[in-house]
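Colleague: Handing you a structure now.
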Amino acid sequence: MKKKIALVTGGYSGEAVISYKSATTIQQNIDPARWECYKIDIHPSGWFYMNGEERIEVDKNDFSILVDGKKINFDAVLIGLHGTPGEDGKLQGYFDCLKLPYTGCDAASSALTFNKRYTVAVASFAGITVARSLHLFKDIPVTTAQILKELKLPVFVKPNNGGSSIGMSKVNIEEDLSIALTKAFKEDDQVLVEEYIKGREFTIGVFKSKGSIIALPITEIIPKKEYFDFEAKYEGASDEITPAVVEESIAEKIRQEASKAYAIFNCKGIVRIDFIYNEQDGKPYLLEINTVPGQTSASLVPQQVLAMGLTLQEFYTMMIEECFI
């Protein structure tokens, strides 16, 4: 008998638009011979399943739905929801309370990695190289002079919680810093200001299957703009080379640091870890960990999966199977 899988999508942030695109890719590539998939939209107006034109509300007491008079309880949840509440640990905590297995990181790891400042702090404590940064709060005023007393220009300014590069800016001169802070604070009440690291940008998917941590082929990102922003990620304003054309010695450093980070943060399922490789230092600098990486047709993890020689159907089957181990 096929297991019933809830594919959750949507969310409460600006990343919802990407969640819907990711869910389309995932749903098209779930093995119908193995899994019975129901797409659940978690939306500010409610949680629901669309049965044709009928909008069916989710019973949040047990995360079930009633379809044609029949109650459907799910065997597992496939999380395809970027941003809050699917990437920050909130949904994971809810599913833990229901004892309902789900793909990806648990509540604690999701909450920790969703906070960019906490991520780099823990990574640094574990010996992983990261850029110097400052953690700012909306209700604690700070001047640009105070920031630049601690950090050197250029810097990146980005919302501390969130993804898809929404609200992010690169600042080259002090006069632009306050504008960048205002932009970032519109997305979050915490902001990370991080020194720019010169180097090549690489990203790598890492997942666990049957107890083994597996690194996917590396992608090098060459933005056509000054940096890898939302447009570069999702609207083709970058060149993405998968697998990256890079010396094996550099690739091995990135794989090792990515696998180390995966283990340190107690990750599960597929995550994507972003690095800048500084050739002068000979080190990869960890930028951030994405615990629900994009699965759209333009996303990096699907490119890496195919480059490894797996089909997306095989890959999503592996992700779902991990729920039952």
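The values are calculated or read from the model by the stated rules, or taken from the named source; none is laboratory data. No experiment lies behind these values; they were computed from the predicted model shown. Note: ideal-geometry Cβ built from the backbone for every residue, glycine included; neighbour counts use all protein chains shown.
Yes/no per residue for (1) at pLDDT 95 or above; (2) under 19 Å from residue 209 (Cα atoms); (3) not assigned by TED's automatic domain parsing to the domain that holds residue 264:
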{"position": "79", "(1), (2), (3)": "yes, yes, yes"}
{"position": "83", "(1), (2), (3)": "no, no, yes"}
{"position": "86", "(1), (2), (3)": "yes, no, yes"}
{"position": "100", "(1), (2), (3)": "yes, no, yes"}
{"position": "123", "(1), (2), (3)": "yes, no, no"}
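Colleague: Oh, and also: Which members of the range 131-150 meet the condition of being touching a residue at least 12 places away in the same chain (Cβ under 8 Å) and polar (S, T, N, Q)?
Modeller: 133, 144
Colleague: Can you name every residue in the range 39-59 that is surrounded by 10 or more Cβ atoms within 10 Å (Cβ to Cβ) and touching a residue at least 24 places away in the same chain (Cβ under 8 Å)? Before you say what the answer is, go through the steps one by one.
Modeller: Filtering the range 39-59 for residues surrounded by 10 or more Cβ atoms within 10 Å (Cβ to Cβ) gives 39-43, 46-51, 54-59.
Once the filter is applied, which keeps residues that are surrounded by 10 or more Cβ atoms within 10 Å (Cβ to Cβ) and touching a residue at least 24 places away in the same chain (Cβ under 8 Å), the range 39-59 yields 39, 40, 41, 42, 43.
Colleague: Among the numbered criteria (1) assigned to a helix (DSSP H, G or I); (2) farther than 29 Å from residue 181 by Cα, which single criterion is violated by residue 78?
Modeller: (1)
Colleague: Restricting to the range 294-318, name every residue that is farther than 19 Å from residue 201 by Cβ and in contact with a strand residue (DSSP E or B) (Cβ under 7 Å, 6 or more places away or on another chain).
Modeller: If the condition is that a residue be farther than 19 Å from residue 201 by Cβ and in contact with a strand residue (DSSP E or B) (Cβ under 7 Å, 6 or more places away or on another chain), then 318 is the only one that fits.
Colleague: Shifting gears a bit: Take residue 39 and decide whether it is charged (D, E, K, R) and in a strand (DSSP E or B).
Modeller: Details: charged (D, E, K, R): yes; in a strand (DSSP E or B): yes.
For residue 39, the condition - charged (D, E, K, R) and in a strand (DSSP E or B) - is met.
Colleague: A follow-up question, please. Select, from 234, 277, 262, the only residue that is modelled with pLDDT of 95 or more, within 18 Å of the chain's Cα centre (by Cα), not assigned by TED's automatic domain parsing to the domain that holds residue 21 and not small (Gly, Ala, Ser).
Modeller: Unique residue meeting the criteria: 262.
Colleague: Let me ask another. Report those strands (runs of 3 or more DSSP E) wholly inside the range 166-222 carrying at least 2 residues which are in contact (Cβ under 8 Å) with a residue 60 or more places away in the chain.
Modeller: Working: elements: 169-171, 190-195, 200-209, 212-215.
Filter on the range 166-222 gives 190-195, 200-209.
Colleague: Just give me the residues in the range 86-137 being touching a strand residue (DSSP E or B) at 6+ places or on another chain (Cβ under 9 Å) and among the acidic types (Asp, Glu), in sequence order.
Modeller: The answer is 87, 88, 96.
Colleague: When only residues in the range 237-259 that are surrounded by fewer than 18 Cβ atoms within 10 Å (Cβ to Cβ) and touching a helix residue (DSSP H, G or I) at 6+ places or on another chain (Cβ under 7 Å) count, which is modelled with the highest pLDDT?
Modeller: 243
Colleague: Assuming residue 169 fulfils every condition listed in (1) in contact with a Gly (Cβ under 6 Å, 6 or more places away or on another chain); (2) buried (at least 19 other Cβ atoms within 10 Å of the Cβ) apart from one, which condition is it?
Modeller: Answer for residue 169: the failing condition is (1).
Colleague: Let me ask something else. Residue by residue through the range 60-69, note down the ones that are surrounded by 14 or more Cβ atoms within 10 Å (Cβ to Cβ) and either touching a Ser or Thr at 6+ places or on another chain (Cβ under 7 Å) or on the phi > 0 side of the Ramachandran plot (or both).
Modeller: Within the range 60-69, just 63 meets the criteria.
Colleague: Something else now. Could you check the range 103-132 and list, in sequence order, the residues that are assigned to a loop (DSSP other than H, G, I, E, B) and within 12 Å of the chain's Cα centre (by Cα)? Let's see the steps before the verdict.
Modeller: Looking only at the range 103-132, we keep the residues that are assigned to a loop (DSSP other than H, G, I, E, B), and these are 103-106, 126-132.
Matches in the range 103-132: 104, 105.
Colleague: Now a separate question. Could you please find all residues in the range 18-44 being of a type in the set (Lys, Arg) and within 20 Å of the chain's Cα centre (by Cα)? Lay out the reasoning, then the answer.
Modeller: Filtering the range 18-44 for residues of a type in the set (Lys, Arg) gives 21, 34, 39.
Those that are of a type in the set (Lys, Arg) and within 20 Å of the chain's Cα centre (by Cα): 21, 39.
Colleague: Next up: Restricting the search to the range 153-193, which residues are under 19 Å from the mean Cα position of the chain (by Cα) and among the charged types (D, E, K, R)?
Modeller: 158, 187, 188
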